[in-house]
Amino acid sequence: MNQKASRYCEQCGKAKRACICHTITTIPCDIPLIILQHPSEVHQPIGTARILSLSLPNSQLFVGEDFSNDAALNALLDEHSDVDYSVLYPSDEAIPLSSKNRSTAASDKGRKTGLILLDGTWRKAYKMYQLSKNLHALPAVKLDEIEQGNYRIRKSPKESGLSTVEAGFYALSTMTGDQTLFHPLMAAFNSMIEFQISQMPPGVYERHYGGKNENENENENE
């Protein structure tokens, strides 16, 4: 067995000691979801795309940077398929999800509405979108203003920067009108964050991320 491969959980892709599989809850959502993951995110300890792909049976995850000629993806995006996909990307033409009727019901053309998420840093997601010409023909959508994400151990160039799972949570909640259904996504996300913080030497989280572990705050208030 490949020694490096044996260090990682085959299902979630995390190091076995940081496996998130036990935190995953299957969510009955029939919105087709495609996650395009940058290769650098595959074994990222604090990556969140796998929370989505493991929780949502109607999701598919592709790894790469330029998806223009990805045969499997292009088959899903084919105009003769039964799904109309939009890509969650804040382009100048992006339309807020809340301003559209993004339900799971069949559209006038008898097709479902699907969503594509880009999983990578802002810089890498930008490059993925620019390189993947097949995405440019799709409608771009964006989230309504979100005050702040809870990605406490990964810095973002945007104050309101969200992790991939948070973006998925808000997008799917908007599309279905049901936020409660997707709470297990956030529970798994927060569990992963707390585990990673617990593995840091004393003071590292406070020094580098400007905060305190929620568990420490709870202890202080007891």
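Quick query: amide H of Lys112 versus all other amide H atoms, modeled in the peptide plane; which residues come in under 5 Å with a sequence gap of 5 or more or a different chain?
For Lys112, the qualifying residues are Val83, Asp84, Ser107.
Quick one: order Tyr8, Tyr170 from most to least accessible surface, probe 1.4 Å. Numbers along the way, then the final one.
On the way: Tyr8 35, Tyr170 60 Å².
Sorted by accessible area, descending: Tyr170, Tyr8.
Got a sec? What order do Asp78, Asp92 fall in by accessible area at 1.4 Å, biggest, i.e. largest, first? List each step's numbers first, then the result.
Numbers: Asp78 65, Asp92 150 Å².
Sorted descending by solvent-accessible area, the residues read Asp92, Asp78.
Taking all protein chains together and a probe of 1.4 Å, list Thr48, Thr180, Thr23 from the most accessible to the least accessible.
Thr180, Thr23, Thr48
The values are calculated or read from the model by the stated rules, or taken from the named source; none is laboratory data. Everything numeric in this text was worked out from a predicted model, so none of it was measured. What goes into the accessible areas is simple: the full protein's heavy atoms, side chains included, and nothing from ligands, DNA or RNA. Shrake-Rupley method; radii C 1.70, N 1.55, O 1.52, S 1.80 Å.
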